[in-house]
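Down below is the structure, laid out as C-alpha cells.
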Amino acid sequence: MEVRLSTQSWPIRGHFTISRGSKTQADTVIVELEEQGQIGRGECVPYARYQESIESVMAELKGILPRLREGLSRQELQLLLPSGAARNAVDCALWDLECKLSGESIWQQLAATPAPLTTAYTLSLDTPEKMQQAASDNAFRPLLKLKLGGAEDLQRVAAVRQGAPNAKIILDANEAWTVDLYHSLIPELIKLDVAMIEQPFPAADDEALRSLARPIPICADESCHDRASLPSIIGKYDMINIKTDKTGGLTEAMALKEQAEQAGLQIMVGCMLSSSLSMAPAFVVAQGCEVVDLDGPLLLSEDIEHGFEFNNNQMLPFTAKLWG
C-alpha cells in the first residue's frame, strides 16, 4: 500500500465565527491510500476544542505509517487509533479504496439507496443586525442554523426570525449558556418557533439537563463522540449530532447511529468546516436522519474537484469521482 499525507486550506466565504473564535479558512488533512492502481481518499479536520491540530494529527498518522503500508483493515484501525480526526481520514480512505477495488459503490456495499438531502445553512455568530441581514439573504433556505454565544442571543434569534419568517430555525450555542440563561431564554425561543437547540452547556457541565424541562429538543454535540458517549447522554439529551471527525470515521459513525436510534435518540448529522470530500461519508450517515447539517461546501469560496451539487436547497447524491 502506498500512503500519501497532505494538508489543504480551503478559503471561507468572508469569515466563520462561533462562540470560541473566528476563522477565514478551513485547514484539513487528506489521506490517500493507493493499491493496485486504485486510490482511496479521506479528509479530516483537526479541531482545537478536542486538543487536535494539523501537527498532532499528522504525527498520529505518521506513527501508523508502517501498519498502513502493510495493509490494514477497518476493524484493525478501530483498535489502532482513538476516535478523532486522524482515524476519520484513514477510515474514510479505506472505505473509498474498498469501493474502488471491488468496483462497487458505497451504496452497493451498504445495500442502501441514496436520496437527496436538505441541509441546514449556518449563519455565523454576529451582531443581531448583521445576522438579520444574513437571514434575509438566505430566507429562501428551508433550514437555518444559528451560531450563538450567550449575550444578546435572544436578540439574535428574534432578528433572524424577522429576516427569515418562514425558515425552520435551529440553534447552536457551542457550550456558551448557563442554566440561568437557559431558563430565561426557553419561553421566548418557544414563541420564536425554534425547532432544536444544540449543546447549550459545556460538555463537562451538562448534568443539569437531566432535571431541566426540555420543551425544545436538546441535541448533544461536544458531549457526543462515539458509542462510549451514549450512557452519559441518555436522559439528558433528545438528539445527538454525529460527525465523522468525532467518531473517527464512517465505521463508528454508522454503529453510533444504529445504537443511538435503538436508545430512542433522534439523529442529526453534522460536519466540521471542510470540503465535499468530508461531506461524502457524512452524507451516507445522514440518510433518513431528522436533521442534516452538511453545508461545509456552501460556506467555502473553493471546493474540491467533483464536489457536491446543490439544487433547490438539496444536496444531490455524490458521484464516485468524489468518493465511494
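Farthest toward the dipole's positive end in region 198-324, which of 272, 316, 239, given Cβ charges of +1 (Lys, Arg) and -1 (Asp, Glu) about the Cα centre?
Of the candidates, 239 comes out farthest on the positive side.
Which net charge results for the neighbourhood of residue 288, defined as the other residues with beta-carbon distances under 13 angstrom from its beta-carbon, given Lys and Arg at +1 and Asp and Glu at -1?
Values: positive: 257; negative: 258, 261, 290.
Once positives and negatives cancel, what remains is -2.
Under a no-solvent Debye model with one identical scatterer per Cα of the chain, what's log10 I(q)/I(0) at q = 0.09, 0.13, 0.15 Å⁻¹?
Debye intensities relative to I(0), on a log10 scale: -0.44, -0.94, -1.24.
With a sphere of radius 13 Å drawn around the Cβ of residue 263, what net charge do the other residues whose Cβ falls strictly inside it have (Lys, Arg +1; Asp, Glu -1)?
Values: positive: 227, 236, 257; negative: 238, 258, 261.
Result for the local shell: 0.
Scan around residue 290 for amide H atoms under 5 Å from its own, H built in the peptide plane at 1.01 Å from N, and keep only partners 5 or more places away or cross-chain.
It is 267, by chain and number.
Order by neighbour count: 99, 224, 44, 289, fewest other Cβ atoms within 10 Å first, most last. Present the calculation step by step, with values, prior to reporting the outcome.
Details: 99 20, 224 27, 44 30, 289 17.
Ordered by Cβ neighbours within 10 Å, fewest first: 289, 99, 224, 44.
Residue by residue through region 301-311, what is 3J(HN,Hα) from phi via Karplus (6.51 cos²θ - 1.76 cosθ + 1.60, θ = phi - 60°)? Round to whole Hz and write x for glycine and proline.
So the Karplus estimates, Gly and Pro as x, are 8, 9, 10, 5, 4, 6, x, 4, 9, 10, 9 Hz.
Counting pairs of alpha carbon atoms under 8 Å apart in space and at least six apart in sequence, what relative contact order in percent does region 1-146 give?
Working: 204 pairs, mean separation 33.1, N = 146.
Averaging sequence separation for qualifying contacts and normalising by length gives 23 percent for region 1-146.
May I ask you to order 154-161, 123-130 by the average number of other C-beta atoms within 10 Å around their residues, highest value first?
On the way: 154-161: 20.8, 123-130: 18.0.
My ranking of the peptides, most packed first, is 154-161, 123-130.
Based on the mean of other Cβ atoms within 10 Å per residue, sort peptides 247-259, 27-39 so the most packed one is first. The partial results should precede the final answer.
Details: 247-259: 21.8, 27-39: 17.5.
Averaged packing, sorted descending, gives the order 247-259, 27-39.
Once you have a ≥ b ≥ c as the square roots of the Cα gyration tensor eigenvalues for region 50-154, tell me rounded if a/c is under 1.5, and otherwise prolate or oblate according to whether a/b is larger than b/c. Intermediate values should be presented prior to the final figure.
On the way: a/c = 4.00, a/b = 1.69, b/c = 2.36.
Oblate is the answer for region 50-154, as a/c is 1.5 or above yet b/c matches or exceeds a/b.
With θ set to phi - 60°, apply the Karplus curve 6.51 cos²θ - 1.76 cosθ + 1.60 along region 108-124 and write out the HN-Hα couplings as whole Hz, x wherever there is a Gly or Pro.
Using θ = phi - 60°, the values come out as 5, 4, 9, 6, 10, 10, x, 10, x, 10, 8, 9, 5, 10, 8, 9, 5 Hz.
Which Cα, out of 9, 59, 78, lies furthest along the positive dipole direction of region 2-104 (beta carbon charges, K/R +1, D/E -1)?
9
No value in this document is a laboratory result; all are computed from the given coordinates. Please read all numbers here as calculations on a predicted model, not as lab measurements. No Cβ is skipped: glycine too gets one built from the backbone with ideal geometry, and neighbour counts run over all protein chains shown.
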